[in-house]
Amino acid sequence: MKTIDDLEVAGKRVFVRADLNVPLDGDTITDDGRIRAVAPTIARLAEAGAKVIVASHLGRPKGAPDPQFSLAPVAKRLGEILGKPVAFAADTVGDSAKATVAALGDGEVTLLENLRFNAGETSKDDAERAAFADQLAALADAYVGDGFGAVHRKHASVYDLPARLPHAAGDLIATEVGVLKKLTEDVKRPYVVVLGGAKVSDKLAVIDELLGKADRLLIGGGMAYTFLKAKGYEVGISLLQEDQIPAVTEYMERAERDGVELVLPVDILASADFPDLKTKAPADFVTVDADRIPSDKEGLDIGPKTRELYASKLADAATVFWNGPLGVFEHPDYAGGTSAIAQALLDTDAFTVVGGGDSAAAVRTLGFDETAFGHISTGGGASLEYLEGKTLPGLAALED
């Protein structure tokens, strides 16, 4: 896989596929982590004299313009981070994009409007996707893939476009792949994996793969209740995927048979009401043993005993991968479990990887120093699929 150093970029129009899919509250960016992560690549290209054309998706528009998913606020924030103006094209391959790109001088940067405002970006039809990739290719002389959070998607700007231009991996992708190799090749042990998040179905494939690689799996978040139910526990009205109980049961049996320590919560914060995440009003909850969740309540965070237990299971780790919050961290009353895991990672001497998505957002929201972790990924889904052993289209497209 070539890097930016292998490309001639001075005076060239360089298309950078970034992942600027940031959370927005109206026009306010609530977490700019992904913008800051790709900014060094953009800055390096600009400093080398490239005319930098940045493109990304944001949200899930239906293949047509939708103002709530405009990248205009991102262009402003990117300019602030770079310390230089970033021109914004009001479309992706239309008149505005062509004029904005044509006006670029060496070392200048523009951001195109949301790629997913075009149906060809995400189309399952190869011809439709290829036609959009042709339009994008006409804007540029070279391609740099640096949107790690999108490399598991077979989309026009991720998969088809690199084949049409001289291409290389950006610094962010090179870093991400290097980190993930440390989790899959010659891993330092003990290797502990913390998995949270809402749905166990989202994590089945990675659990299947990790049962042959990790020494311990610590389970939390909404997905934990399917495991607890599989053990025969009452889980009340907690998030539950009953159809996944057979798979979860088989994984627990496999873990025991293969000597992998699979650890579940021993106590839970439970409430009859889901918290108000806007007002952050104090929540009414009880702390109960994991096998004693009241029938009219749902689990919303791991309890204090579990936090201590999980910290002890992380203390001697040499490698840790964490993906998914342990509770509803957006509310202060249910942020304790996720915060405890983050702190436990900082307290170890392990190489620690925070696997993108909500867990990365939680680290920032809860006020932890990002630089204190070994690596914070920009792609939760991409990280998981890499660990599952899947071929990621966006990475395959960058190979020669």
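The values are calculated or read from the model by the stated rules, or taken from the named source; none is laboratory data. Since this is a predicted model, take the numbers as computed values, not measurements. For neighbour counting, all protein chains shown are included, and Cβ atoms are generated from backbone atoms with ideal geometry for every residue, glycine included.
Quickly run through the stretch 98-129 and pick out the residues that are more than 17 Å from D66 (Cα to Cα), in a helix (DSSP H, G or I) and touching a Ser or Thr at 6+ places or on another chain (Cβ under 9 Å).
Of everything in the stretch 98-129, those that are more than 17 Å from D66 (Cα to Cα), in a helix (DSSP H, G or I) and touching a Ser or Thr at 6+ places or on another chain (Cβ under 9 Å) turn out to be T100, V101, R129.
When you go through P23, P85, P65 one by one, which is the residue that is closer than 24 Å to H375 by Cα and surrounded by fewer than 19 Cβ atoms within 10 Å (Cβ to Cβ)?
P23
Residue under question is A72, and the condition is that it be hydrophobic (A, V, I, L, M, F, W, C) and out of contact with any helix residue (DSSP H, G or I) (no Cβ under 9 Å at 6 or more places or on another chain); does it hold?
When the stated conditions are applied, A72 passes them.
Just to be sure, is L165 touching a His at 6+ places or on another chain (Cβ under 9 Å), at negative phi, modelled with pLDDT of 95 or more and aliphatic (A, V, I, L, M)?
Judged against the criteria, L165 is not a match.
Let me confirm something: among L269, L262, L277, which residue is outside any loop (DSSP other than H, G, I, E, B), within 17 Å of A335 (Cα to Cα) and not acidic (D, E)?
Result: L269 is the single residue among L269, L262, L277 that is outside any loop (DSSP other than H, G, I, E, B), within 17 Å of A335 (Cα to Cα) and not acidic (D, E).
Only helices (runs of 4 or more DSSP H) wholly contained in the stretch 304-400 count here; list those with 1 or more residues that are closer than 21 Å to E185 by Cβ and in contact (Cβ under 8 Å) with a residue 24 or more places away in the chain.
By residue number, 380-387, 393-396.
Got at least one residue in the stretch 291-309 being among the polar types (S, T, N, Q) and more than 28 Å from the chain's Cα centre (by Cα)?
Yes, that holds for at least one residue.
Being assigned to a loop (DSSP other than H, G, I, E, B), within 23 Å of G11 (Cα to Cα), aliphatic (A, V, I, L, M) and touching a residue at least 40 places away in the same chain (Cβ under 8 Å) is the filter here, so list the residues in the stretch 49-95 that pass it.
Residues satisfying the conditions are A50, V93.
Might you let me know whether the stretch 31-39 holds any residue that is more than 23 Å from the chain's Cα centre (by Cα) and either surrounded by 18 or more Cβ atoms within 10 Å (Cβ to Cβ) or not basic (K, R) (or both)?
no
Search the stretch 214-233 for residues being over 24 Å from the mean Cα position of the chain (by Cα) and either assigned to a loop (DSSP other than H, G, I, E, B) or at pLDDT below 95 (or both), and hand back the single one that is surrounded by the most Cβ atoms within 10 Å (Cβ to Cβ).
Here the answer is Y233.
Among the residues in the stretch 115-124, are any in contact with a Pro (Cβ under 6 Å, 6 or more places away or on another chain), buried (at least 21 other Cβ atoms within 10 Å of the Cβ) and closer than 27 Å to G380 by Cβ?
yes
What's the number of the condition T378 fails, among (1) farther than 18 Å from L277 by Cα; (2) in contact with a strand residue (DSSP E or B) (Cβ under 7 Å, 6 or more places away or on another chain); (3) buried (at least 24 other Cβ atoms within 10 Å of the Cβ); (4) of a type in the set (S, T, Y)?
The single condition T378 does not satisfy is (2).
Being surrounded by 18 or more Cβ atoms within 10 Å (Cβ to Cβ), of a type in the set (G, A, S) and modelled with pLDDT of 95 or more is true for just one of A318, A335. Which residue is that?
After ruling out the rest, the residue left standing is A335.
Would you mind finding the one in D243, D296, D316, D258 that is over 27 Å from E388 (Cβ atoms) and not hydroxyl-bearing (S, T, Y)?
Every option except D296 fails the conditions.
Going by the structure shown, is D134 at pLDDT 95 or above, among the acidic types (D, E), within 27 Å of T41 (Cβ to Cβ) and crowded, with 18+ Cβ neighbours inside 10 Å?
no
Give me a count of the residues in the stretch 158-197 that are assigned to a helix (DSSP H, G or I) and closer than 23 Å to G259 by Cβ.
1
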